[in-house]
Amino acid sequence: MRIYPAIDLIGGKTVRLEQGRYDKQLSYDIDPVEAAKKWEFMGAEFLHIVDLDGAKAGKPMNLAVAEEIVKAANIPVEIGGGYRTIEDIQMALHKGVRRVIVGSKAFEDKSFAKECAETFGDGVIFSVDAKNGQIMSGGWELDSGCDDVGMIEVFVSECGAKEIIYTDIQKDGMLTGPSTGVLENILDKIDIKIISAGGIKTVDHVKELKKIEAKGLSGVIIGRALYDGTIDLKEAIDAG
C-alpha cells in the first residue's frame, strides 16, 4: 500500500484546505520544492500535487511549480486540478509529470474520459471526489449529479480504469480518520484499485486502511497530518 505525500498549491505556495473550502485555508512555511525534497528523503516513492487554483479556475495554474518539483525530485509526480483538455494533459506529461489526475471533466463528458484513457493509458488517473456519496466538481463546489459507485463503474466498464483516487470531501483536511467503511463498500461492489485521500491524522489510521488492502486499497494520500506533524512519513510508509 503506497503512501503519497500531498503538496497542495495556491499561488505557488504550500497550503491545505478543510473539506475543500477555500475560505478554510491553512498555509505552511515550507516551499513546495523543499517539501518534495523532504518527502523524497524520508522515503516517499510518489508525490501527489493538487493545483487548487487550477481546480477552481478550470485550467492549470501552478504547472510551473510542478515542473520545478519534477526537476528537483527523483521520484514520480502526479498532478490534478483543472485538467480539462487533452492539450493541458499533454503539456503536463511533457513537463515530466508521470500522470495527470482528471476529475470534473470526466464526470461531465464520458467521451472525454474515454479519449483520455485511450490516448494516455496510465498517464491519466481518474479522481472521484464525493460528499455523502455524491460526486462534487468544479473545485468541489458543485454537485455533479452523479453518485460515486455509478461513476466508478463507468470508469471501469467504459474507460478500462484499473485504479482511481477517491476523496471523501467531508474528511479532507479534517484529521478525523479515513472513510474505511465507504471504501470497503465500493471495493466489495467493483473490481478496482483505490487510492484513498482524506482524514489521515495518525499511523493508526494508516493501519486501519491496511486492513482492506487485500480488497483493493492500493494507496493512501496524506497531506495536512504531515505538515502539522501528527504523523511521521517514515512510520506511515512502514505501516503501509
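List of remarks:
- Candidates in the range 180-198 are the residues that are in contact with a Leu (Cβ under 7 Å, 6 or more places away or on another chain) and surrounded by 24 or more Cβ atoms within 10 Å (Cβ to Cβ); of these, the one that is farthest from Asp238 (Cα to Cα) is Ile194.
- Only listed residue being acidic (Asp, Glu), modelled with pLDDT of 95 or more and either on the phi < 0 side of the Ramachandran plot or surrounded by fewer than 16 Cβ atoms within 10 Å (Cβ to Cβ) (or both), chosen from Asp109, Asp51, Asp29: Asp51
- Being out of contact with any strand residue (DSSP E or B) (no Cβ under 6 Å at 6 or more places or on another chain) and either surrounded by fewer than 22 Cβ atoms within 10 Å (Cβ to Cβ) or closer than 26 Å to Val156 by Cβ (or both) holds for only one residue in Glu78, Glu87, and it is Glu87.
- Subset of the range 161-201 that is out of contact with any helix residue (DSSP H, G or I) (no Cβ under 8 Å at 6 or more places or on another chain) and of a type in the set (Asp, Glu) - its residue that is modelled with the lowest pLDDT: Asp172
- In a residue-by-residue description of the range 118-134, the property of being touching a helix residue (DSSP H, G or I) at 6+ places or on another chain (Cβ under 8 Å), on the phi > 0 side of the Ramachandran plot, buried (at least 17 other Cβ atoms within 10 Å of the Cβ) and not β-branched (Val, Ile, Thr) applies to no position.
The values are calculated or read from the model by the stated rules, or taken from the named source; none is laboratory data. Because the structure is a prediction, the values reported are computed rather than measured. In this analysis, Cβ positions are derived from the backbone assuming ideal geometry, glycine residues included, and neighbour counts consider all displayed protein chains.
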